[in-house]
Every structure is written in structure tokens, then in C-alpha cells.
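Quick note: the coordinates plus some simple rules give every number you see, no bench work behind them. Nothing here was measured: the structure is a model prediction, and the numbers come from that model. Cβ placement follows ideal geometry from the backbone for every residue including glycine, while neighbour counts extend to all protein chains displayed.
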Amino acid sequence: MSVETVAAQIKDIAAEMREAYLSDEHPWVLGYSGGKDSTTVAQMAYYMLRALPPNARHKKVYVLASDTGVELPTIVERVGHELGLIRSAARRDALPIEAHKVHPALNDTFWVNLIGRGYPSPRPRFRWCTDRLKIRPVSRFILERVNEYGSVVIVLGSRLSESSTRAQIMAAHHIEGQRFRPHSELAKAWVYTPIQTLSADDVWFYLLQVPSPWGGDNGSLAALYRRASGGECPLVIDTSTPSCGNSRFGCWVCTVVEKDRAMESLVEDGEERYEPLLDLRDFLKAVREKTEARMNTRRNGSRAAADGKGPFTYQMRMEILKRVLFAERQSGEKLINSDELAAIAEIWAQEGQSRQLVFNVWRHVHEGGPMPDEINGSSLSEENKLLEEVCHDQGVSFELLRRLRELEEEFGGLKRRHGFGEQMLESVTPFVDPPNSTTTGWEGFGAL
């Protein structure tokens, strides 16, 4: 296709978008993932609005990004930066554009479900993550706008040539002669895909020829695609939308795909900070298949089928948490937040486990460093204060007894306590005075 043909096609799409915007009173919710397709749609919408006379800009355009909490950090950084530029430029140009980012509820986050509830790592036939991390946050935002305005139009960067699966789904929902199609699940929400006929080459032609109206850097976006060899992960609005393809920017923990090509390419290109994340992702994919890592009963109390497995055991959940925290330290990236750790501790406590287990893992990884206030709950603090007072009265090392208690809680649920003796000796040694000392640090222990 010639340059002139592509330019004419893009001009036609821009004119059609203008007509679509002016045709009704329904505000737009424009899905923005930070990738090439959503950036193209966002740019075209911005230029369209800026070209309209002020009195014709009669309805809002919400630029909506979704942060699952486990997105590739490079993409999170880029999307956050671009949304900030869009907000500033919209104020400068007096455009009715608002940029928003939605997140899953705490109870729905990846780590709260995987580590807290023991949900196995997602697989093609059990994608428990898509609904919780992607669909629910976006649906909440859309429904709020529906309640406010009566109806909305969801504008997406989906393209027919993106994949055969995407083309089949778009064709199945297409209504001949209609610009918009009804959302498959949300009443009074309509879906509009203005660039569906463009190819990937057409999109890159547009982005590299037409500068970003809000001051973004499309050249760096192209460089990111070259480095990662990935395709973008679109805004997921319903169960009919494929969450991601095999080559994509998306959740770095994704175990649905066989390999994370985007992150592997970034690591090979020198982004060594992502290597611990890649190793953790591979571990999560492998461990879900291990029978010994899974319980024999499901969360509802029923026994797992002969060919199935229940949630992760508590021992495995602690192991995963330890690996997440280590990966966080090694990479320098924030992977799990304090609220999630507190929620995990609460879930374990409700299931009859000690909330102390979460804090034990934290202390192990951070070598006894101070815990954030959100994790160090008041009930735990009071318990430690009481123990410290008793230890002081009896002349016993508080840290020694606290560590022994942690080890007992960590190994207490195991039938075989392999490694308990070694870890106990390693843990108590720093608190016991050397042989030539006049005290041993154990005085008063028997009185307890």
C-alpha cells in the first residue's frame, strides 16, 4: 500500500471519528494501554477534538488505563508518564479530556488471591485473573459513567489484522451498517473500533509521521517494541476480548502463555533488573503442576478430583511470598504492597493459620528490618510487647525467643520437619554469648 493510500485512509478515519463524536451526546471512554494501537486512537481523538470549535466539544472523552498491579514495570512507567502529559495538554488546549487509571480492588489483586487464598497460577482453562484484575475495574468505571450520563461509547484500538482470533471476535459482534456495537455484558454501553481496518504498518506510519499532540515520544515507543518484540495488551472490557496474545506487553506474572517473549527480549537487551521477575514467573508456571505443592481439598471443602488439585499449600504460599520479596529486593521494583501483605495475613488468620507467618517471611527476607506500619498490625505489636516484657523480667533474649517461636510456627504444620534443627541452630547462634562469656543468654529460660 502506497504512502498516499495510507494517508488517505487515515484521513477518512479521522473524518469518521469527528462525525461519530458529533452524532450523539454519549461520552467516550477511550481504552489506553500505552501500546501502538491505543496510542493511535488517542492521538486521532485528541487532534479531532482540538480541530473542533470550542462550542462543539460538547461531551467528555475519558482516557482510561488499567493497572493490574502486575504489569511490566516499563509499561507502567510509560503509561503513567503519558497520562500526565495528556492531562497537562488537555488543560492547555481546553479540551474535555480526562485521563484516569483504574486498579483492581484489594480483595481481587493477583497476590492476595495467589498467595493469600492459594489460587494456582493461571492457565488457559482457569484464567481467574482476567475477570478480577482487568474486567471488574474497567466495568466499574464504565458503569459509573453510564449511571452519570445514561450511556457511553467505549473507543478501542482493536484491529482486524492484529490476529485471527481478534478478527473472528470482531466479525462475530459486527452489525452491518452500524458504527457502534452493543457491549456484550454492560447495558447502555457501546463499542467503537475506528482503526479496525488499519494494518500494523499503517499504525506505525501514522505514529512516526504524526507527532504526539500532548508531547509524548512515539520514537521511544517504537524502540520499546523493537527491544521487546511484543504486541500490546489491550484494555479488556468483557470475556469476549482475548486478554493478551502470545507476544505481548502485559502482566509479567502471566503463566497462561508458554513464554514471556517481551520480558525475555528485554533481559537479553540488557534490562537485567527484570531477570528476577522472569525467574519468578517461570517458577509460578512450573510449581502449579507439582502435586506436593497443592492441597487435596478445594477451597469450598470438597475433595479435589482425581485429575485435579486444590489450592497451594500454606508452605508453598510462604515459599512464593519469600520469592516475591526476594525478587523485589533484587530488581529494585515494587512488586507487592503493604496492603496486600496485610490482606494475606488476614486471610490466613481467617483460615486458622497464624498471621505471624507473613511477618516471619518478611523478616527473613529483609533480615529483621523494620516492617511498614500497614503490615505490623496492632495486635501483633501488643503480643510482641508482652513477650518482650516477660523476657526482660526473666533475663531471656527477646529476639532469641521470638525467632524460636517463628520457626515453630513455620514448621509446626509439617509432618516431616526436615531442616528445622539446622535453621534453629543458625537462628539462635547470634543471640547466644560466646563460650568464654560469663553468661550464656539462656538464664531464666527454664522459668518460662
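Residue separation of R179 and L85 scaled by 0.36 nm, minus their Cα-Cα distance, works out to 30.8 nm of gained length.
Of the trypsin sites (Lys or Arg not before Pro) in the range 324-363, the ones in a loop by DSSP (not H, G, I, E or B) with at most 14 other beta carbons within 10 Å are K334.
On a full-extension model of 0.36 nm per residue, what is the gain between A349 and D282, subtracting their alpha-carbon distance, rounded to one decimal in nm?
Numbers: separation 67, 0.36 × 67 = 24.12 nm, distance 2.89 nm.
Net length gain for the segment: 21.2 nm.
Protection proxy ranking for 141-153, 183-195, using the average of other Cβ atoms within 10 Å per residue and placing the highest first: 183-195, 141-153.
Bridgeable lysines around K290 (alpha carbons under 27 Å apart, same-chain partners fewer than 8 residues away excluded): K259, K309, K322, K415. Amide hydrogen proximity for W190: with H placed 1.01 Å from N in the peptide plane, the residues at 5 or more positions away or on another chain lying under 5 Å are V152, V153, I154, H183.
Hey, with R₀ at 22 Å, roughly what FRET efficiency would R136 and Q330 work out to, going by the Cβ-Cβ distance, to 0.05? Intermediate results must be reported in sequence, preceding the final value.
Working: r = 31 Å, r/R0 = 1.42.
Taking R0 as 22 Å, the efficiency between R136 and Q330 is 0.10.
Length gained on full extension, L404 to D93: 105.6 nm, using 0.36 nm per residue less the C-alpha separation.
Amide H contacts of V102: A65, S66, D67, each under 5 Å away and 5 or more positions distant or on a separate chain (H built 1.01 Å from N in the peptide plane; Pro and chain starts excluded).
Under a crude label model (7 Å from the Cα following the beta-carbon direction), how far is A14 from A187 in nanometres? Computed distance between label sites A14 and A187 equals 4.0 nm.
Could you give me the ³J(HN,Hα) list for the range 92-109, computed from phi with Karplus coefficients 6.51, -1.76, 1.60 and θ = phi - 60°, whole Hz, x at Gly and Pro? Rounded to whole hertz, the list is 4, 8, 6, 9, x, 10, 10, 9, 10, 10, 10, 10, x, 4, 3, 5, 9, 5.
For a Förster distance of 45 Å, can you work out the FRET efficiency between the beta-carbons of F126 and D201, rounded to the nearest 0.05? So, using R0 = 45 Å, E works out to roughly 0.80.
For a modelled paramagnetic label at R273, 7 Å from Cα along Cα-to-Cβ, the residues of the range 334-350 in reach, with backbone nitrogen under 11 Å, are 334.
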